[in-house]
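The values are calculated or read from the model by the stated rules, or taken from the named source; none is laboratory data. Just so we're clear, the structure is a prediction, and the values are computed from it rather than from any experiment. Because the Cβ atoms are built from the backbone with ideal geometry, glycine has one as well, and the counts that use them run over all protein chains shown. Calculation scope for accessible area: heavy atoms of the full protein, side chains included, ligands and nucleic acids excluded. Shrake-Rupley method; radii C 1.70, N 1.55, O 1.52, S 1.80 Å.
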Amino acid sequence: MKDKILVIGSSGQIGTELVEALRVQFGSDNVIASDLKAPEIPGEGLFEALDVTDREGLLRIVKKHGITQIYLLAALLSATAEKNPLFAWKLNMEGLLNVLELAREKHLAKVYWPSSIAVFGPNTPKDHTAQYTIMEPSTVYGISKQSGERWCEYYYAKYGVDVRSLRYPGLIGWKSAPGGGTTDYAVHIFHEALKSGSYECFLGPETALPMMYMPDAIRATLEVMNADPGRIKIRSSYNLGGISFSPKDLAEEIRKIIPAFKISYKPDSRQQIADTWPRSIDDSASRLDWGWKPLYDLKTMTEDMFINLKKKQ
Ligand code: NAD
Ligand code: AKB
């Protein structure tokens, strides 16, 4: 059967880039973008307005296009979710359950749903955090991702839904703005470095977190989805490692390109969230099972961000 892909939440930070990559792999006509809001720059392929909590609307689009795979990206991220916890729970859980149910009923070939390092919590060991360890998230976002992982595992075990997932770290890209997370400083800092030569960071200087450059994250997503099903041994979500750095480390790297760059620190409520997350991730299961290997480090990511942001100016 021909692959027909639906990306839900396609106008966001990841969706913008994932849709592009999927259209290269499957052809523009076979990838349908969908979101509450249309993309800022209309892409080459089809777009459908969709609220993922509207089950009937979702079913209508799946039938209309003969969808065989869904990538579900619509969610509230950590910082935004803390402002409206019950709405975040509703969107993050209802969206996932609608997609998993539909995948079961309509025998979809595959589902992709991202989890996050937010599944870990204050009692989790912080360095090289293992795939299986203490997971007691203290944010509503983390609780929804932890519960989502259990649901993915359940739908695979009970109904054979081929659902695959990665625990993304904080993602950094130049093509689109981040959508309300705790790791967003690591994107804003590049824009401000070019615009004003300085940045006031909402996390403290030593707050190291797991991060990843967007091209690595997109490649990881395609690789885990293209892997032979027998190689996907974990059906909750895979730890995914990239780079680990603090605001101070990133500022030092930026100064290698913009020597006069200045950073100041004014931690806000996002600091409390960051303090509960790991500093670095052990992704050996991803490496072993489906061959994961990140390509970018702090230096190459910083250089590439500036090259592309300068071109965009
Ligand atoms: P984002 O906020 O940039 O994009 C989410 C998109 O979903 C937005 O375009 C929004 O309009 C859309 N949306 C919201 N409610 C919707 C609804 N009811 N129906 C349809 N669309 C709706 O988020 P992102 O950074 O692209 O993240 C995508 C996924 O990846 C999320 O599940 C997020 O938790 C996960 N993730 C992201 C990161 C990161 O650093 N960006 C890290 C870990 C996990
Ligand atoms: C956030 O900060 O909420 C996201 C994430 C790590 O899940 N970037």
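With each pseudo-label sitting 7 Å past Cα toward Cβ, what's the K195-R104 distance in nm, one decimal?
4.6
Using only Cα positions of region 22-103, each an equal point scatterer, no hydration layer, compute I(q)/I(0) via Debye at q = 0.14, 0.21, 0.23, 0.27 Å⁻¹ and quote the log10 values to two decimals.
Taking Cα atoms of region 22-103 as identical point scatterers yields -0.53, -1.05, -1.17, -1.36.
For region 58-138, what are Rg and Dmax over the alpha carbons, in angstrom?
15.7, 47
Roughly how many percent of the accessible protein surface of the chain is carbon and sulfur, given a 1.4 Å probe and a whole-percent answer?
54
Springs between alpha-carbon atoms under 10 Å, Gaussian network over the chain: tell me which of K256, K90, K293 tops the mean-square fluctuations.
Taking springs between Cα atoms under 10 Å, the residue moving most is K256.
Tell me, what is the FRET efficiency for E303 and N123 to the nearest 0.05, using R0 = 41 angstrom and their Cβ-Cβ distance as r? Walk me through the numbers on the way to the answer.
Values: r = 37 Å, r/R0 = 0.91.
With a Förster radius of 41 Å, E is 0.65.
What is the distance in Å between the Cα centroid of region 105-134 and that of region 264-313?
17
Hey, what angle do you get for helix 85-105 against the long axis of the chain, alpha-carbon based, 0 to 90 degrees rounded to 10?
On a 0 to 90 degree scale, this one is about 40.
Using only Cα atoms, find the angle between the long axis of helix 185-195 and the longest principal axis of the chain, and express it within 0 to 90 degrees, rounded to the nearest 10.
For 185-195 against the chain, the angle is about 60 degrees.
Residue-wise, which Karplus ³J(HN,Hα) couplings in Hz belong to region 208-217, taking 6.51 cos²θ - 1.76 cosθ + 1.60, θ = phi - 60°, and x for glycine or proline?
7, 9, x, 9, 7, 6, 3, x, 5, 5
In nm, to one decimal, how far is the E56 label point from the Y154 one, both placed 7 Å along Cα→Cβ?
2.6
Mind listing P(r) for region 108-163? All alpha-carbon pairs, 10 Å bins, whole percents.
Going from the shortest bin to the longest, the percentages are 23, 45, 26, 5.
Out of residues 5 or more away from Y265 or on other chains, whose amide H comes under 5 Å of its own, with H placed 1.01 Å from N in the peptide plane?
Amide H neighbours of Y265, under 5 Å, 5+ apart: C201.
By how many degrees, 0 to 90 and rounded to 10, does the Cα axis of helix 298-312 deviate from the longest principal axis of the chain?
That works out to roughly 80 degrees.
Divide, for region 158-213, the radius of gyration over alpha carbons by 2.2 N^0.38 Å, where N is the residue count.
Here the Cα radius of gyration is 1.52 times the empirical estimate.
Could you work out the relative contact order of the chain, using alpha carbon pairs under 8 angstrom and six or more residues apart, expressed as a whole percent? Could the numbers behind the result be given before it?
Values: 620 pairs, mean separation 57.3, N = 313.
Relative contact order here is 18 percent.
Based only on Cα atoms, what Rg/Rh ratio does the chain have, Rh being taken as Kirkwood's radius?
With Rh from the inverse mean 1/r over Cα pairs, Rg/Rh is 0.95.
For region 199-313, what is the largest minus smallest coordinate of the Cα atoms on each principal axis, given in angstrom and ordered from greatest to least?
For region 199-313, the Cα extents along the three principal axes come out at 51, 35, 19 Å.
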